[in-house]
Amino acid sequence: MNSILYFVIALLLLTAAILFLMPGNNKKLRGEGHTSPESVYPMSKEEGEDHFSVLMNAITPVWYWRVNHEYIDFLHATIKGMSMAEINAVPGLFDAQRRCSDLNSAVYKYYDTLKKRCLNGEQVSRADLDVLNLQQCFREFSLDAWPALVALVWPEFQRPWISPEDI
């Protein structure tokens, strides 16, 4: 009697292992309940635009666009009118300007990437890597790189440190 019981258990285990390892059944079992809503219900272009607007409003610091416009005006008023000899005469100015330029470009790159993804129907979450990178660029440009550049060119006009929570 025991040998029949062991034989039936072994047969059931073997059958379960075969079913689990079959490629067709394995994909169905793993795919059930784990499908993402984006693949099932892609957003229309209008819904994507709305989603992108909501996402950008949620992650963009209130001060960022003001700082960005200040940076553009500052460039035109100072650095674009300087010769390379004048830029190199101020220690660290070239590197500080390059850092600001790179961060500003990265903001627009992530912004465009996220917009394209949203317009293609993808619902991008706030935990997405591009969103997190964009937020880091916002913070680093606004709170560190831009004030350091101003302090190099116009030390007498450097902004005092302000906590972003106070704005």
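Exactly one of these conditions fails for Asp112: (1) in contact with a helix residue (DSSP H, G or I) (Cβ under 8 Å, 6 or more places away or on another chain); (2) in a helix (DSSP H, G or I); (3) farther than 23 Å from Trp154 by Cβ. Give me its number.
Checking Asp112 against (1) in contact with a helix residue (DSSP H, G or I) (Cβ under 8 Å, 6 or more places away or on another chain); (2) in a helix (DSSP H, G or I); (3) farther than 23 Å from Trp154 by Cβ, the one that fails is (1).
Just one of the numbered conditions (1) open to solvent by 70 Å² or more (accessible area, probe 1.4 Å); (2) of a type outside the set (Gly, Ala, Ser); (3) closer than 30 Å to Ser53 by Cβ is not true of Asn133; which one?
With (1) open to solvent by 70 Å² or more (accessible area, probe 1.4 Å); (2) of a type outside the set (Gly, Ala, Ser); (3) closer than 30 Å to Ser53 by Cβ applied to Asn133, the lone miss is (1).
Just the residues that are in contact (Cβ under 8 Å) with a residue 60 or more places away in the chain and β-branched (Val, Ile, Thr), please, taken from region 142-167.
Within region 142-167, Val150, Val153, Ile167 meet the criteria.
Please determine, by comparing only the residues of region 55-66 that are part of a helix (DSSP H, G or I) and under 15 Å from the mean Cα position of the chain (by Cα), which one is surrounded by the most Cβ atoms within 10 Å (Cβ to Cβ).
Step by step, filter region 55-66, then rank; the result is Leu55.
Here are some residues: Arg117, Arg139, Arg126. Which one is closer than 30 Å to Glu46 by Cα, outside any helix (DSSP H, G or I), within 15 Å of the chain's Cα centre (by Cα) and touching a residue at least 12 places away in the same chain (Cβ under 8 Å)?
Arg126
Condition test on Glu156, is it modelled with pLDDT under 90, closer than 21 Å to Ala89 by Cβ, part of a helix (DSSP H, G or I) and acidic (Asp, Glu)?
So Glu156 passes the test.
Return yes when His69 is open to solvent by 60 Å² or more (accessible area, probe 1.4 Å), closer than 23 Å to Glu165 by Cα and part of a helix (DSSP H, G or I) and no when it is not.
So His69 passes the test.
Just the residues that are of a type outside the set (A, V, I, L, M, F, W, C) and under 14 Å from Ala58 (Cα atoms), please, taken from region 106-129.
Tyr111, Ser125, Arg126, Asp128
With respect to Glu38, is the statement that it is at pLDDT 80 or above and surrounded by 10 or more Cβ atoms within 10 Å (Cβ to Cβ) true?
Spelling it out, it is not the case that Glu38 is at pLDDT 80 or above and surrounded by 10 or more Cβ atoms within 10 Å (Cβ to Cβ).
I'd like the full set of residues that are of a type in the set (Lys, Arg), within 30 Å of Glu49 (Cα to Cα) and crowded, with 17+ Cβ neighbours inside 10 Å, limited to region 72-119.
Lys115, Arg117
The values are calculated or read from the model by the stated rules, or taken from the named source; none is laboratory data. Predicted model, so just to flag it, every value in this text is computed and none were measured. Reconstructed Cβ throughout: ideal geometry from the backbone, glycine too, with neighbour counts over all protein chains shown. Ligands, DNA and RNA are stripped out before the accessible areas are found, and what is left, the full protein with its side chains, is counted by its heavy atoms. Shrake-Rupley method; radii C 1.70, N 1.55, O 1.52, S 1.80 Å.
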